[in-house]
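First comes the structure, then the notes that go with it.
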Amino acid sequence: MSSSDWHEVELTTHTYGGDSLGRLPDGRAVFVPFSWPGETVRVRLVEEKRGFARAELLEVIQPAPERIEPRCKHFGRCGGCHYQHMPYEAQLEAKAAIVSDQLTRIGKIEDPPVQPTVPSPLPVNYRNYVQFALTPEGALGYHEAMGNEVFRVEECYLPESPINQVWPLLDIEGLPDLERVGLRVGQDEDVMVTLESSGVELPELSIEELPLSVVHLSPAGGLVLGGSDHLVMEVLEREFQVSAGSFFQVNTPMAAALVEHLLAELEVSGEDTVVEGYAGVGLFSAFLAQRAGRLIAVEESAQACDDFEVNLEEFENVDLYEGAAQDVLPVLAEGARIIVVDPPRTGLHRYALDAILELSPQLIAYVSCDPATLARDARRLVEGGYSLQKITPFDLFPQTYHIETVSLWRKQDR
């Protein structure tokens, strides 16, 4: 390899997305995966823009003193993990710094009140749900970090143990329209396999006499091929029905930590009306409803709404609206002292945020899984008269760049 094919770069900063930032000889920023600020590395450019470039890591010339040996043989090739070369405490510190950087640069909030990252009790084997892609040969695989090829996976240290015991035993007949295979573990270590297809033809799944639930998800809906159509998840001694197509937090102990944090910070009373947008199967609503005078929940997924009704059937002070937050929130006539939102990675829809500002609650709790879209929405919240009281990162996704946060916003007196 000639020197014209590679560059030697000194790295300076963690960035959101798992890369470290350095500078090329021409001054352009370059983003390097699987690296660490302070390291000197040799890289090859794989994408070039006018103001920046992305690179492939070829060699760590001068490693950071804290760098450790990754646990997984696929690290560096797999796009699932980004921080296995970093001790866990360093991962937590990096995530808090990234949240602060995003709020400062994008949200234009000076010195944001970012708290230390709340650690996961398990830095590995913490995921109650994992999703595999399929190789061209039909084997379970993950997407490569560089490019979009799927490679056959031989080990993974992110899923909970019951999932890791099951997935190597699955033998799935590949079909052109079979796109993803998901596994989720619930209460009593029950495991569900979901086969997601763009067509309706049923794939064949051979299991070695394992007691599994199997559901085929297609444009025609969900079809149970074996076992049950849902699992039961337990958080803070409360059970939640979660159907095959419904969302649930992937780190169960940290889901409990999120709930406890919200309850402590919001101090909900029987005089309060609470609105929750993007309510899912009712994880937060179930605990908020125990304290609020009234709870109004909004959820777009029909399947999640069905789960919500089962999970909160005991409450008479709860109203559930099925529909997109941007469609339902603008037509809510009732005022609410508290609004809780937990949107997808894309953040709040513009019309949903417009409606929240119009409803003008005293407190907003924003649960986010993407600090960049949170920072975008934060700027509008500030412009709308809200002050950021506190933001706490929660490490629901150890070994990866993903960051969950809970930010608390208070309406300012004019």
In segment 58-75, residues that are under 23 Å from A97 (Cα atoms) and either surrounded by 14 or more Cβ atoms within 10 Å (Cβ to Cβ) or touching a residue at least 60 places away in the same chain (Cβ under 8 Å) (or both) total 4
Show the residue pairs meeting these rules: Cβ distance below 9 Å; 6+ apart or different chains; first residue within segment 14-30 and in the same structural domain as E48 (by TED's automatic domain parsing); second residue of a type in the set (S, T, N, Q) and surrounded by 21 or more Cβ atoms within 10 Å (Cβ to Cβ). H14/S20; Y16/Q102; D19/S35; S20/S35; G22/S35
Please work out which one of (1) within 14 Å of the chain's Cα centre (by Cα); (2) on the phi > 0 side of the Ramachandran plot is the condition V406 fails and give its number. (2)
For segment 316-335, how many residues are farther than 11 Å from G277 by Cα and in contact with a helix residue (DSSP H, G or I) (Cβ under 6 Å, 6 or more places away or on another chain)? 1
Looking at (1) more than 21 Å from the chain's Cα centre (by Cα); (2) charged (D, E, K, R); (3) part of a strand (DSSP E or B); (4) over 25 Å from E314 (Cα atoms), can you tell me which one E201 breaks? (3)
Please name all residue pairs, on different chains or six or more residues apart, with Cβ atoms under 8 Å, provided the first residue is in segment 378-402 and is within 14 Å of V118 (Cα to Cα) and assigned by TED's automatic domain parsing to the domain that holds L266 and the second residue is assigned to a helix (DSSP H, G or I) and hydroxyl-bearing (S, T, Y). P398/Y88
Please name all residue pairs, on different chains or six or more residues apart, with Cβ atoms under 7 Å, provided the first residue is in segment 106-117 and is in the same structural domain as G347 (by TED's automatic domain parsing) and the second residue is part of a loop (DSSP other than H, G, I, E, B). T117/D395
Need pairs with beta-carbon distance below 6 Å; first residue hydroxyl-bearing (S, T, Y) and within segment 282-293, second surrounded by 19 or more Cβ atoms within 10 Å (Cβ to Cβ) and not in a helix (DSSP H, G or I); sequence gap 6+ or separate chains. S285/E276; S285/A279; S285/L295; S285/A297
Among L258, L295, which is surrounded by 22 or more Cβ atoms within 10 Å (Cβ to Cβ), within 23 Å of H349 (Cα to Cα) and touching a Leu at 6+ places or on another chain (Cβ under 6 Å)? L295
Of the residues E149, E173, E144, E179, which single one is in contact with a Pro (Cβ under 6 Å, 6 or more places away or on another chain) and charged (D, E, K, R)? E173
Please go through segment 384-414 and pick out each residue that is in a loop (DSSP other than H, G, I, E, B) and farther than 17 Å from V259 by Cβ. G384, G385, F397, P398, Q399, T400, Y401, H402, I403, Q412, D413, R414
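For segment 20-57, which residues satisfy the criterion of being of a type in the set (G, A, S), part of a strand (DSSP E or B) and surrounded by 18 or more Cβ atoms within 10 Å (Cβ to Cβ)?
Correct list: S20, G22, A53, A55.
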Taking segment 223-236 as the region of interest, how many residues are surrounded by fewer than 15 Cβ atoms within 10 Å (Cβ to Cβ) and either on the phi < 0 side of the Ramachandran plot or assigned to a strand (DSSP E or B) (or both)? 4
Pick out the one residue from P203, P211 that is exposed (fewer than 15 other Cβ atoms within 10 Å of the Cβ) and at pLDDT below 90. P211
Are any of the residues in segment 256-268 closer than 30 Å to S407 by Cβ, among the β-branched types (V, I, T) and more than 22 Å from the chain's Cα centre (by Cα)? yes
Being in a helix (DSSP H, G or I), of a type in the set (A, V, I, L, M, F, W, C) and in contact with a helix residue (DSSP H, G or I) (Cβ under 8 Å, 6 or more places away or on another chain) narrows I109, I98 down to just I98
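The values are calculated or read from the model by the stated rules, or taken from the named source; none is laboratory data. This is a predicted model, so every value here is computed, not measured. Because the Cβ atoms are built from the backbone with ideal geometry, glycine has one as well, and the counts that use them run over all protein chains shown.
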